[in-house]
Amino acid sequence: MRIPFWTAAAILVALLVQSAVSQAAPGYARILDPFLLVLVYCGLSGGETHGMLAGAAAGWVQDVHFGGTVMGLSGLTKILVGFAVGVGAARFLLAGPGARLLVLLVATVVDAVLFEQLAAIFDVRAYELSTGGLATRATLNAVIGVLLFEVVDRRRRRRELRS
Amino acid sequence: MARALDARKSRFLLGALVLAHLVVVSQQVDAGGGASLLERVLFTALSPFQRGVAAVVREASDGWSAYFGLRGVHEENRRLQEKVRFLELLLQERQQQASESERLRELLELKRILPVETVAAEVIAHDGLPWFRNVTIDKGLRAGVILDAPVISATGVVGRVVAVGPVAAKVQLLLDRDSGVGVRIERSRTIGVVSGKVGFADSGTTDLDLKYVAAFADVVVGDVVVTSGTDRIFPKGLVVGRVRSVGAGSGLFKEILVSPSARFDGLETLMVVRGPADELELTEAIR
């Protein structure tokens, strides 16, 4: 019961952050994807099922609030990314900051490429990210994600030690 | 022995008397400069000490005054800086209020001349995904906002409602690649369709593509582009923008870029048209 609650809370926070950034600096919100950070963390810490479900929920929230006229593209993309991260976390040691940085970089790139390919398949007219734009998005997500994961992990460890 | 003691006493007494006299006499002798000999002697002997002490005291006093003065200046500086900051904030606030008031005045003016019912809405979120261009507004079904309702600003057409909830709605901007508005060139009455320009998400362009305009059509740079009403979503006659460039194109159609008249970089308050579009017929006064 606690895991779904915290996942939902994290998605809500991601929505608030995305909305706040889009209000404070319109245009710049596109280079950050807080929803992706949520599902990557869920995948890393909870495995493929958790990553996949978190990806579905986060993707749909993103679709509804920021997506185009066709719903579910972000949902589908993020399910795949969440699952892949979960599988990767089960097979490799991805607990260190370096590994997580790499996971976030790859996840952002895969998310964008998958989204653009799916948009093309479903004939959704969407803008494409340039290589520079994608690199900026991936770097920003990776750096912020690693820092955020570290903070969350420390809090979790402290709580576990206390209990 | 007694005699020797008396002699010493007497010499002592003599010396004392002489000294006393010297003092008394010297008190009455004007040694020049208005000072007695004693005074001069004392001045000469003690004034260096006095000067020294005075210098030390003066330095200390100056230092102390400077310290307090500096503290005062520092304090005053801090106070003035605070005041400047406060005044700057006040100025910003006043400028913001003036800008807000101007924006609302424009909207009110537009609302007054628009022959359709509109509802004002605030933008609560801008586009959060790089692939689309849309904003979320704070009005939904409860305020009478319906799906496909046209959304306009004081300067021109902004987009249409593509998703609506009870208290919020998502507006697809004209800049979105998936958008489409039936338009005509006001001067030559040439018709076409305006949509978001093909390009990279982060290119920052705000131009619109004017598509399906025949290669032989009469279109020149600067022509005003207005809604044609043929899409049955946007009322006829709303300003979309101005033609920025006209190219020959590779096929049957011209390549035309339109600069939108709506300012997409600072969307704050918008107006959502209530009621079906086919009942609307806007006048040229809107412009």
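The values are calculated or read from the model by the stated rules, or taken from the named source; none is laboratory data. Since the structure is predicted, the reported quantities are computational estimates derived from the model, not experimental observations. In this analysis, Cβ positions are derived from the backbone assuming ideal geometry, glycine residues included, and neighbour counts consider all displayed protein chains.
Take the residues in the stretch B:210-223 that are in contact (Cβ under 8 Å) with a residue 40 or more places away in the chain and not charged (D, E, K, R), then tell me which one is surrounded by the most Cβ atoms within 10 Å (Cβ to Cβ).
First, the residues of the stretch B:210-223 that are in contact (Cβ under 8 Å) with a residue 40 or more places away in the chain: B:210-214.
Narrowing the set further to residues that are not charged (D, E, K, R) leaves B:210, B:212-214.
Numbers: B:Leu210: 29, B:Tyr212: 15, B:Val213: 25, B:Ala214: 14.
Checked the stretch B:210-223; the qualifying residue surrounded by the most Cβ atoms within 10 Å (Cβ to Cβ) is B:Leu210.
Which of the residues that make up the stretch A:117-153 are among the charged types (D, E, K, R), modelled with pLDDT of 90 or more and more than 14 Å from the chain's Cα centre (by Cα)?
Quick first cut of the stretch A:117-153, residues among the charged types (D, E, K, R) only: A:123, A:125, A:128, A:137, A:150, A:153.
Right, trim to modelled with pLDDT of 90 or more and you get A:137, A:150.
Within the stretch A:117-153, just A:Glu150 meets the criteria.
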* Could you tell me which numbered condition A:Val61 fails, if it satisfies all but one of (1) within 30 Å of B:Leu174 (Cβ to Cβ); (2) β-branched (Val, Ile, Thr); (3) modelled with pLDDT of 90 or more? => (3)
* Structure fact -> Counting only residues in the stretch B:179-212 that are among the hydroxyl-bearing types (Ser, Thr, Tyr) and at pLDDT 80 or above, the one farthest from B:Val224 (Cα to Cα) is identified as B:Ser179
* Structure fact -> Taking the stretch B:157-189 and keeping residues more than 14 Å from chain A (Cβ to nearest Cβ) and surrounded by fewer than 21 Cβ atoms within 10 Å (Cβ to Cβ) leaves B:Gly182, B:Glu186, B:Arg187, B:Ser188, B:Arg189
* Structure fact -> Of (1) touching a helix residue (DSSP H, G or I) at 6+ places or on another chain (Cβ under 8 Å); (2) modelled with pLDDT under 80; (3) more than 18 Å from B:Ala262 (Cα to Cα), B:Leu110 fails just (3)
* Structure fact -> How many residues of the stretch A:39-71 are within 14 Å of chain B (Cβ to nearest Cβ), surrounded by 23 or more Cβ atoms within 10 Å (Cβ to Cβ) and either more than 24 Å from B:Val164 (Cβ to Cβ) or aliphatic (A, V, I, L, M) (or both)? The answer is 1
* **Evaluation of A:Pro26 against (1) in a loop (DSSP other than H, G, I, E, B); (2) within 8 Å of chain B (Cβ to nearest Cβ); (3) touching a residue at least 24 places away in the same chain (Cβ under 8 Å); (4) surrounded by fewer than 24 Cβ atoms within 10 Å (Cβ to Cβ) (one fails), failing number** => (3)
* Among (1) under 24 Å from A:Asp123 (Cα atoms); (2) surrounded by fewer than 23 Cβ atoms within 10 Å (Cβ to Cβ); (3) at the interface with another protein chain (Cβ under 10 Å from one of its Cβ atoms), where does B:Val193 come up short? -> (3)
* **In the stretch A:107-161, the residues that are of a type in the set (Lys, Arg), part of a helix (DSSP H, G or I) and within 14 Å of chain B (Cβ to nearest Cβ)** => A:Arg137
* Scan (1) in contact with a Ser or Thr (Cβ under 7 Å, 6 or more places away or on another chain); (2) within 11 Å of another protein chain (Cβ to nearest Cβ) for the single condition A:Leu32 breaks and write down its number. => (1)
